[in-house]
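Each value in this text was obtained by applying a stated rule to the coordinates, not by laboratory testing. Fair warning: this is a prediction, and the values are worked out from it, not measured in the lab. With ideal geometry, Cβ positions are generated from the backbone for all residues, glycine too; neighbour counts draw on all protein chains shown.
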Amino acid sequence: MRVDLNSDLGESFGPWKMGDDEAMLGIITSASVACGWHAGDPIVMHRAAELAKQNGVAIGAHPSFNDLWGFGRRVIRGTSMAELEKMVAYQIGALQGIAAMVGHRVTHVKAHGALGNLANDEDDIALALGRAMRAVDRNLVYVVMPGRPTVAAAEKLGLPMLQEIFADRAYEDNGQLVSRGKPGAVIHGAAAAAERILRALQDNVMISVTGRKVPVKIDTICVHGDTPTAVEMARQLRQQLEQAGVALEPYTAQ
């Protein structure tokens, strides 16, 4: 079995540091890099792309609502789908320019925070994200959640997709992530995260907060880079997956 291990990173901003990108990029096989709207700046993006290139890590854009103050976790309504497409294209283009400077390239797109949650709940937003990707580069891979509207959007638009599960987040019965505002939404224990992912790979299901088995297809596994235990969780997860005979490699090599 082969699988991609990814993290959302590049989320520092100016003198404010978020996560340990250097350590994480020595463990994972792909990274979704913040594009300046919820976090990140040109210097942080450049360093993330540079380190990813050095480590053979695939990179993608991690667009969000224009919400630096709220780290992209606040829902912003009132934007038309045409406007949203332009906002997403703008962020993809920003990372493409930075990646070109270090001889790397952007190969996937994964929406961040509130934008990602809405895309996995609402068909029109899922389609708007996909249209933006296709307009910029129809070979960009759409990172989607199994069973959610992003899957249908990628299929409708003819975009390649990666179906993703989260090592450090709890699931609702419908396959959506538990809201961060609820107790237990974020899983901090590295050992527990690794155990649940191994079980998910074996059974193709994630266990919801009520104990329900949620069917999933697993192409890539995410460990968020902004938690204190992120690096250790990724390290333990990689170690246990490899010990179980799971090969970890960038999706671009599969």
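Per residue, how big is the convex hull of the range 13-72 when only Cα atoms are used? Give it in Å³.
Roughly 73 Å³ of hull volume per residue.
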Inset, instruction - Above 13 angstrom, tally the Cα pairs of the range 94-161 and express them as a % of all pairs, no decimals. - result: 60
Inset, instruction - Pop out the ³J(HN,Hα) list for the range 161-172 in order, Karplus 6.51 cos²θ - 1.76 cosθ + 1.60 with θ = phi - 60°, rounded to Hz; leave Gly and Pro as x. - result: 9, 10, 8, 10, 10, 10, 6, 10, 10, 7, 10, 7
Legend entry - Unit charges at the beta carbon, dipole of the range 2-253: most positive-side option, G10, I27, V151: V151
Legend entry - Candidates R199, R134, R73: whichever shows maximal mean-square fluctuation once the chain is modelled as a Gaussian network with Cα springs under 10 Å: R199
Inset, instruction - Mind listing the long-range amide H neighbours of F166? Cut-off is under 5 Å, sequence gap 5 or more, other chains count too, H placed in the peptide plane at 1.01 Å from N. - result: C222
Inset, instruction - Could you tell me what percent of the DSSP beta bridges with both partners in the range 60-203 are antiparallel, to the nearest 5? - result: 20
Legend entry - Volume in Å³ per residue [convex hull over Cα atoms, computed for the chain]: 113
Inset, instruction - Bin all alpha-carbon pair distances of the range 109-254 at 10 Å intervals from 0 and give each bin's fraction as a whole percent. - result: 11, 40, 36, 12, 0
Inset, instruction - Would you compute the Debye intensity of the range 70-114 from its alpha-carbon atoms alone, equal scatterers and no solvent, and pass along log10 I(q)/I(0) at q = 0.14, 0.20 Å⁻¹ to two decimals? - result: -0.43, -0.77
Inset, instruction - List the residues whose amide H sits under 5 Å from the amide H of Y171, counting only those 5 or more places along or on another chain, with H placed 1.01 Å from N in the peptide plane. - result: V178, V209
Legend entry - Whole-Hz couplings from phi, Karplus 6.51/-1.76/1.60, listed for the range 113-127; x for Gly and Pro: x, 4, 5, x, 4, 5, 4, 8, 10, 10, 4, 5, 6, 4, 5
Legend entry - Among beta bridges that DSSP assigns inside the chain, antiparallel share in %, nearest 5: 20
Legend entry - Extreme residue, positive dipole direction of the range 179-254, given options A200, A185, Q254 (C-beta unit charges): A185
Legend entry - Normalised contact order of the chain, rounded percent, pairs of Cα under 8 Å and 6 or more residues apart: 23
Legend entry - Cα centroid separation - the range 177-254 against the range 107-141, whole Å: 22
